[in-house]
Each structure stands twice: as structure tokens, then as C-alpha cells.
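Step one of this worksheet: look at the structure below.
The values are calculated or read from the model by the stated rules, or taken from the named source; none is laboratory data. Computed from a predicted model, the values in this text were never measured in an experiment. In this analysis, Cβ positions are derived from the backbone assuming ideal geometry, glycine residues included, and neighbour counts consider all displayed protein chains. When the accessible area is computed, the model is the full protein with side chains, heavy atoms only, and any ligands, DNA or RNA have been set aside. Shrake-Rupley method; radii C 1.70, N 1.55, O 1.52, S 1.80 Å.
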Amino acid sequence: MNLGRVAALCAALVLGWVAVFGGEYSTFDWLNLRRQVAEQRQAVQQLRVTLDSLGRLAHDLETNPAAQERAAREQFGMIRNGEILYRFVPASPPHP
């Protein structure tokens with residue numbers, strides 16, 4: 001092998017190393033950023049689904065009397081006239 005080929009091979013190896021590991025943003029940094037972008041897009045999609053369901057719930061609570069009654073009963077313990085409300089309280093542990 002002559003000197004020119006050895007120098008070209010060394011230069012190619014150095015350029016390859018710089019392309020993969022060198023610089024401020026290496027190939028590994030780029031791959032890591034791509035993974036983070038994919039994770040953030042998935043998180044945004046999950047938040048959109050949650051926002052959509054909360055929007056539908058808010059619309060139902062504003063317009064649907066059955067949803068309003070269900071919320072009043074479940075969250076505030078409200079009852080209709082003539083109904084009896086039973087609440088079950090868990091027993092507290094005995095004190096020594």
C-alpha cells in the first residue's frame with residue numbers, strides 16, 4: 001500500500017468519526033432529539049384526546065339535564081324530594 005492510500009484511509013476514518021461523534025450536535029444527539037420529538041408528539045396527541053373528552057363533558061353539563069343530575073348526585077350528594085340518602089362511612093380502627 002502506498003502512502004497516498006494510507007493517508008486517504010486515515011482521512012476517511014477521521015471524517016467518519018467527526019460525522020458520528022464530532023461537532024456540537026453529533027449523530028447520537030440527533031437521534032436522541034428525534035426520539036424526544038416522537039415522545040412529545042405522542043404526549044400532545046394524548047392531551048388532545050383528553051381535551052376533547054373534557055370538552056364533550058363540559059358541553060353535556062351545560063346542555064344535558066341527565067348529565068347535570070348525575071353530576072349533582074355523584075359530586076354533591078344531592079337527592080330529589082322524597083328520596084333518602086344513605087352514606088356508608090368506613091369504620092375507624094379501634095384506639096388502644
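The set of residues from segment 19-33 being open to solvent by 100 Å² or more (accessible area, probe 1.4 Å) and in a loop (DSSP other than H, G, I, E, B) comprises Glu24, Tyr25. In the condition set (1) open to solvent by less than 100 Å² (accessible area, probe 1.4 Å); (2) in contact with an Asp or Glu (Cβ under 9 Å, 6 or more places away or on another chain), Glu39 is compliant with all but (2). Filtered by the rule that a residue be part of a helix (DSSP H, G or I) and either in contact with a Leu (Cβ under 8 Å, 6 or more places away or on another chain) or basic (Lys, Arg) (or both), segment 48-96 gives Arg48, Arg56, Ala67, Gln68, Arg70, Ala71, Arg73.
Going through segment 42-96 one residue at a time, which ones are open to solvent by 100 Å² or more (accessible area, probe 1.4 Å) and charged (D, E, K, R)? Residues satisfying the conditions are Arg48, Arg56, Glu62, Arg70, Glu74, Arg80, Arg87.
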